[in-house]
Amino acid sequence: MSDPARPTQLEYWNSKVGEEWARQADLMDRMLQPLTQPAFDLLDLKPGERVLDIGCGAGATTLAAASLIRGGQAVGADISKPLLDLARERANARGANAHFIEADVSAAPLPDAPFDAAFSRFGVMFFDDTAAAFAKIRAALNLGGRIVFISWRTFAENGWSHAPLAALKPILKEPITPADPNAPGPFRLQDRETIATMLAASGWRDVSITPWDGEVLVGGGGDATSAAAFLLKIGPCARAITDQQLDPAQAQRLLADFLRKHETPAGVTLPAATWIVRAFA
């Protein structure tokens, strides 16, 4: 089976994929909360500060930042119009001191600069030229400003990602080709040395790279059936189903059977492994 040409990041996140991520945003935010809070603790935002949220998606992290800086300003940047539309709705509903720009921060001007801090939850792995993007972000910060970001470690370490995909093996039409770790994508910054080298090359100092390992609630909670339904829409299982034109009902049965083994009173839990990185401009 031939591999169709992949869309660009801009095309991908403004397609039905972006619309689906917006529909699943509340569930995703609950799923990622355990690893988000330690990163915010490290960022240590203060009242009155200005913060840039890179790859802000549906805005949950931008709104969290806005609640901490009060009289300051939180700016969320993303390339996905569907996610930004939801982010703006959320901000308006809360009266939050946050606004959102549709921009690739590695290429577009940042008229709100300079910032005191920058944050990203899984948003900095998708740049075509990551080192150049980090240099541009550094230039947008005040001297001594800091960045904190979260990036996935290896695919093999992230059970929430690879284990459900393995459950689909009986119906896969061909093996899943591992993503190129040197190409833009979720696992672009899986390697500690790669991160350290890129940050040093782009002028950052006092870099700390800390592992975070823990369990996440697949789909933000709920039983195996609801977790399976979530995985049909988000992540590598969803992509495999689309790329290989698998039967969604058959895939959901296989996923639910697998996930049932990992049910807890809180929901279905699987391991996640990330880096939480901090550096200073």
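Just to be sure I understand the filter: pairs with C-beta atoms under 9 Å, separated by 6 or more residues or on different chains, first member in segment 51-69 and under 19 Å from Gly145 (Cα atoms), second member in a loop (DSSP other than H, G, I, E, B) and aromatic (Phe, Trp, Tyr). Which pairs pass?
Gly55/Phe122; Gly55/Phe126
Please pick out the residue among Lys233, Lys261 that is touching a residue at least 40 places away in the same chain (Cβ under 8 Å) and farther than 30 Å from Ala196 by Cα.
Lys233
Kindly list, by first and then second residue, each pair from a residue in segment 82-104 that is touching a residue at least 60 places away in the same chain (Cβ under 8 Å) to a residue that is among the β-branched types (Val, Ile, Thr), limited to pairs with Cβ atoms under 8 Å and residues at least 6 apart or on different chains.
Hits for this filter: Asp104/Ile79.
Conditions first: (1) surrounded by fewer than 21 Cβ atoms within 10 Å (Cβ to Cβ); (2) within 23 Å of Ser151 (Cα to Cα); (3) out of contact with any strand residue (DSSP E or B) (no Cβ under 8 Å at 6 or more places or on another chain). Arg94 passes all but one, so which condition is the exception?
(2)
Specify the residue that is surrounded by the fewest Cβ atoms within 10 Å (Cβ to Cβ); the eligible residues are those in segment 119-145 that are in a strand (DSSP E or B) and out of contact with any helix residue (DSSP H, G or I) (no Cβ under 7 Å at 6 or more places or on another chain).
Across segment 119-145, the extreme among qualifying residues is Leu143.
Identify, by number, the condition in (1) at pLDDT below 95; (2) among the aliphatic types (A, V, I, L, M); (3) assigned to a strand (DSSP E or B) that Leu110 doesn't meet.
Looking at each condition in turn, Leu110 falls short on (3).
Name, by its number, the condition in (1) over 21 Å from Trp13 (Cα atoms); (2) modelled with pLDDT of 95 or more; (3) among the small types (Gly, Ala, Ser) that does not hold for Gly71.
Result: Gly71 fails condition (2) only.
Go through (1) surrounded by fewer than 21 Cβ atoms within 10 Å (Cβ to Cβ); (2) over 18 Å from Trp152 (Cβ atoms); (3) hydrophobic (A, V, I, L, M, F, W, C) one by one and return the number of the condition Leu42 breaks.
(2)
If I ask for residues that are surrounded by 15 or more Cβ atoms within 10 Å (Cβ to Cβ) and either aromatic (Phe, Trp, Tyr) or assigned to a helix (DSSP H, G or I) (or both), which ones from segment 24-33 would you list?
Within segment 24-33, Ala25, Leu27, Met28, Asp29, Arg30, Met31, Leu32 qualify.
Take the conditions out of contact with any His (no Cβ under 7 Å at 6 or more places or on another chain) and touching a residue at least 24 places away in the same chain (Cβ under 8 Å) and apply them to Asp29. Does it pass?
Yes: the conditions hold for Asp29.
Within segment 172-206, restricting attention to residues that are surrounded by 14 or more Cβ atoms within 10 Å (Cβ to Cβ) and in contact with a Lys or Arg (Cβ under 7 Å, 6 or more places away or on another chain), which residue is modelled with the lowest pLDDT?
Among residues in segment 172-206 that are surrounded by 14 or more Cβ atoms within 10 Å (Cβ to Cβ) and in contact with a Lys or Arg (Cβ under 7 Å, 6 or more places away or on another chain), the one modelled with the lowest pLDDT is Pro181.
Mind counting the residues in segment 70-80 that are touching a residue at least 40 places away in the same chain (Cβ under 8 Å) and either in contact with a strand residue (DSSP E or B) (Cβ under 6 Å, 6 or more places away or on another chain) or hydrophobic (A, V, I, L, M, F, W, C) (or both)?
Going through segment 70-80 one residue at a time, the tally reaches 3.
Taking segment 224-280 as the search range and keeping residues that are among the β-branched types (Val, Ile, Thr) and under 13 Å from Ala163 (Cα atoms), which one is surrounded by the fewest Cβ atoms within 10 Å (Cβ to Cβ)?
Thr269
Give the residue that is farthest from the chain's Cα centre (by Cα), with candidates limited to residues of segment 214-232 that are over 19 Å from Pro38 (Cα atoms) and not in a helix (DSSP H, G or I).
The residue in question is Asp223.
Using the structure shown, decide if Leu10 is among the aliphatic types (A, V, I, L, M), surrounded by 17 or more Cβ atoms within 10 Å (Cβ to Cβ) and within 18 Å of the chain's Cα centre (by Cα).
no
The values are calculated or read from the model by the stated rules, or taken from the named source; none is laboratory data. Quantities reported herein were computed from a predicted structural model and do not represent experimental measurements. FYI the Cβ positions are ideal-geometry reconstructions off the backbone, even for glycines, and counts take in every protein chain you see.
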